[in-house]
Amino acid sequence: MKILVIGAGYVGLVSGACFAELGFEVTCIDSDQGKVEQLRLGEVPIYEPGLAELVARNRDRLAFDSSPAAHVAGSDMIFIAVGTPTTSAGEADLAAVFMIAAELAPLLKGFTVVTIKSTVPVGTAARMREVMSKANSSADLALASNPEFLREGSAVADFMAPDRIVVGLDDMRAKSRFEALYSRLTEKGAPLVFMSNEAAEVTKYAANTYLAMRVAFVNQLSDICEAVGADISDVTLGMGLDRRVGMHYLAPGPGFGGSCFPKDTRALLAITRRARVDFSLGEAIVSANDKRKDGLADRVAGCLGGRVAGRTIAILGLSFKAETDDVRDSSALPLIRVLQDMGASIRAYDPAAMDQAARLLNEVQFCSTANEATKGADCVVVMTEWSEFKSLDLRQMAKDMARPVMIDFRNLYDLQQAANAGLTYISMGRAAVRQPG
């Protein structure tokens, strides 16, 4: 079975490489000729653990091109994985999806399964069928929705060992092809769930919005713990051991970001407004996350006695989460800009995301190590939960800083560990550790 993937971005490239790993012949298409040439040389343009090795291992089955024209007719399954960015109205921009659909339709030969892999609002598959029928009324195709549930930083593992595989169909002729496509995964126990296209489209948004709700909830819960003298670590443990709750997505932080949660939550809100359905909970999730991010600079300023001007602040972590170089909607970037507006000098370090962040930030000193960033700083702010940061020598860091003050928005360290290191240590939902003076 031959597979064509349109879009070699995060979702398309991971999916294409994993389909090749499953034994299929795959061609990934991307309009960025530079990216195509880079991939042909074996260079992966995004940071994702295990992806470069997967691409290299499957070079005999994985090809890259900048045009789909020569590949459509010979493909049994076509996956559309182009970007659907958020518009100013909060809706998903589907221009690229429909443009590709109109381009593909006249090129189809024989029965073809055309699948939407991009995250799209409900009704997109139906609209896409209209677009493709208009472009080629005789096209023999099945339209499917196969949303991805890949976490950045563990996307390869998530694809190869999924919790479930969701497929929406409007033509049951496609069912056997999906069964064949994912047979190696279902043989290992992965559930393959078939439903309507509409249900699959809603499932993707619903899953991410629910997880975003957990993040927003635990962040506000950590504020409650700070106010009443409880430890958020004890509270989340007591909650999470309940099998109905679980421990996942119950770690306080600086607010959710990345390419999915903010975009998908807002897109679901746009869908509900258009359908005239009340979703006030979704409004509250977005509002709570925005307030969380907006309040970060005030927390930092408060830890420095209210005065930030003239201070040197070290930022550890620029990506929105560990194990990725993605800085989209990262809480670190707006925090840096606000602190700069308040008169602070910023040093920053991230194991993977500095090149991405440098395109979006000005007058930031990017450092080659965490120790370089923190040496001589008046304050260090931990923004991303990289494993590298968990093993820092806190005692030496405190000695090297102008003022041994740390604000840890990820709760990476034990309170006693921070106290023994000589740090004034402020974390989320836990007691502050304050050194004399």
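The values are calculated or read from the model by the stated rules, or taken from the named source; none is laboratory data. As the structure is a computational prediction, the values presented were derived from the model and not from experiment. Don't worry about glycine lacking a Cβ; one is built from the backbone with ideal geometry, like all the others, and counts go over all protein chains shown. SASA here: full protein model, heavy atoms, side chains in, ligands and nucleic acids out. Shrake-Rupley method; radii C 1.70, N 1.55, O 1.52, S 1.80 Å.
Values for this structure:
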| item | result |
| --- | --- |
| Output for region 126-150, where each listed residue is open to solvent by less than 40 Å² (accessible area, probe 1.4 Å) and under 32 Å from the mean Cα position of the chain (by Cα) | Met128, Met132, Leu141, Ala142, Leu143, Ala144, Ser145, Asn146, Pro147, Glu148, Leu150 |
| Residue identified as under 22 Å from Ala212 (Cβ atoms) and in contact (Cβ under 8 Å) with a residue 40 or more places away in the chain among Arg311, Arg273, Arg244, Arg299 | Arg299 |
| Residues being under 23 Å from Lys321 (Cα atoms), touching a residue at least 40 places away in the same chain (Cβ under 8 Å) and over 17 Å from the mean Cα position of the chain (by Cα) - total across region 154-206 | 1 |
| Failed criterion for Phe389 (all others in (1) in contact (Cβ under 8 Å) with a residue 60 or more places away in the chain; (2) farther than 16 Å from Ala314 by Cβ; (3) open to solvent by less than 10 Å² (accessible area, probe 1.4 Å) hold) | (2) |
| Qualifying residue in region 75-94 (condition: part of a helix (DSSP H, G or I) and either closer than 23 Å to Thr272 by Cα or open to solvent by less than 50 Å² (accessible area, probe 1.4 Å) (or both)) | no |
| Single unsatisfied condition, Pro334 versus (1) over 24 Å from Ser154 (Cα atoms); (2) open to solvent by less than 30 Å² (accessible area, probe 1.4 Å); (3) in contact (Cβ under 8 Å) with a residue 12 or more places away in the chain | (2) |
| Subset of region 174-205 (residues that are among the polar types (S, T, N, Q) and either within 19 Å of Phe79 (Cα to Cα) or surrounded by 19 or more Cβ atoms within 10 Å (Cβ to Cβ) (or both)) | Ser176, Ser183, Ser196, Asn197, Thr203 |
| Residue check for Asp264: loosely packed, with under 14 Cβ neighbours inside 10 Å, more than 22 Å from Val381 (Cβ to Cβ) and among the charged types (D, E, K, R) | no |
| Every pair of residues 6+ apart whose Cβ atoms lie under 8 Å, when the first sits in region 207-232 and is closer than 18 Å to Ser280 by Cβ while the second is surrounded by fewer than 17 Cβ atoms within 10 Å (Cβ to Cβ) and among the aliphatic types (A, V, I, L, M) | Met213/Leu281; Ala216/Ala284 |
| Matching option when the condition is surrounded by 12 or more Cβ atoms within 10 Å (Cβ to Cβ), of a type in the set (Gly, Ala, Ser), in contact with a Ser or Thr (Cβ under 9 Å, 6 or more places away or on another chain) and within 22 Å of Glu91 (Cβ to Cβ), among Ala270, Ala284, Ala251, Ala288 | Ala270 |
| Matching option when the condition is open to solvent by less than 40 Å² (accessible area, probe 1.4 Å), farther than 26 Å from Gln435 by Cα and not β-branched (Val, Ile, Thr), among Asp341, Asp378, Asp355, Asp350 | Asp350 |
